[in-house]
Amino acid sequence: MHEGHRKRLKERFLREGLDSFEQHQVLELLLFFSIPRKDTNELAHTLLNRYGSLSGVFEADPKDLATTPGIGENSAILLSLIPHLSRRYLNDKWRDKPELNSSAKAGQYAISLFAGRNYEVFYVICLDAQNRVNYAELVHEGTINEAPVYPRIIVETALRHKANSVILAHNHPGGTLNPSKADIEATKRIKAALEAISIKVVDHIIVCGGQYVSFAEKGLLSG
């Protein structure tokens, strides 16, 4: 009954990509692959009404998604995979050991680490002597002012990955790009701890959505 519609939507994607699709049509197309014999249009509208937006649907807890009538475990997992796949895709585009020799490059690399995360996390990006990434380690989940052990954890991380220097990075999901007082104070503590073992903090990047702010560019690393 709905094969004609499915075929047209698939052909349109192959012809145009997703840019011209409405939000519900993106969901419709995705759900074709987990719901083979049912009209997914109404279900797509139901999900958008329930979660408010396409990103809201993708970021919903899969267990909560599965409580929506018509959404089984496969559909819930498929939808929840999207942010995680996006992050892996964006990060993989950098390949191994990218050189982060500017705040702009560091900011774009950091954005790839946080894609699809709707909670706050903190990364230490360990660099070698040529400013190439040795390793980007997630060291904490939660707000920065809840982590008095940051300096110790970050020193251990930097030593383990043989860092010549590090870039700190964390996100403000759904918030503002502006560094908080806690962000600035924590950065000073971490910087002092790393300088004691001759490892330099070259930047601290805050990411919010697809944007970033650099402590180095704003002169917040001096002193």
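Key figures for this structure:
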read-out: Hits in the range 112-134 - residues which are surrounded by fewer than 17 Cβ atoms within 10 Å (Cβ to Cβ) and within 17 Å of ASP96 (Cβ to Cβ); value: ASP128, ALA129, GLN130, ARG132
read-out: Counted residues, the range 186-204 - those being under 22 Å from the mean Cα position of the chain (by Cα) and farther than 16 Å from ASN131 by Cβ; value: 2
read-out: Conditions (1) within 18 Å of LEU220 (Cβ to Cβ); (2) modelled with pLDDT under 95: number failed by SER165; value: (2)
read-out: The listed residue being in contact (Cβ under 8 Å) with a residue 24 or more places away in the chain, under 26 Å from ARG8 (Cα atoms) and assigned to a loop (DSSP other than H, G, I, E, B), out of ILE71, ILE82; value: ILE71
read-out: Failed item, numbered, when ARG50 is tested on (1) open to solvent by 80 Å² or more (accessible area, probe 1.4 Å); (2) not in a helix (DSSP H, G or I); value: (2)
read-out: Subset of the range 8-45 (residues that are in a loop (DSSP other than H, G, I, E, B), over 16 Å from ALA66 (Cα atoms) and open to solvent by less than 40 Å² (accessible area, probe 1.4 Å)); value: GLY17, PHE21
read-out: Residue, farthest from GLU120 (Cα to Cα), within the range 165-197, restricted to residues that are in a strand (DSSP E or B) and among the small types (Gly, Ala, Ser); value: SER165
read-out: Test: VAL155 is modelled with pLDDT under 95, open to solvent by less than 50 Å² (accessible area, probe 1.4 Å), among the hydrophobic types (A, V, I, L, M, F, W, C) and in contact with a Ser or Thr (Cβ under 7 Å, 6 or more places away or on another chain); value: no
read-out: Flag if GLU3 is at pLDDT 90 or above and exposed (fewer than 13 other Cβ atoms within 10 Å of the Cβ); value: no
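Residues checked against (1) of a type in the set (D, E, K, R); (2) open to solvent by 80 Å² or more (accessible area, probe 1.4 Å):
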residue: ALA66; (1), (2): no, no
residue: LEU78; (1), (2): no, no
residue: TYR89; (1), (2): no, yes
residue: ASP92; (1), (2): yes, yes
residue: GLU99; (1), (2): yes, yes
residue: ALA110; (1), (2): no, no
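The values are calculated or read from the model by the stated rules, or taken from the named source; none is laboratory data. It should be emphasised that the depicted structure is a prediction, and the values quoted were computed from it without experimental measurement. Methodologically, a virtual Cβ is constructed for each residue, glycine included, from the backbone with ideal geometry; neighbour enumeration extends over all protein chains shown. Remember, those area values only see protein heavy atoms, side chains included, never the ligands or the DNA or RNA. Shrake-Rupley method; radii C 1.70, N 1.55, O 1.52, S 1.80 Å.
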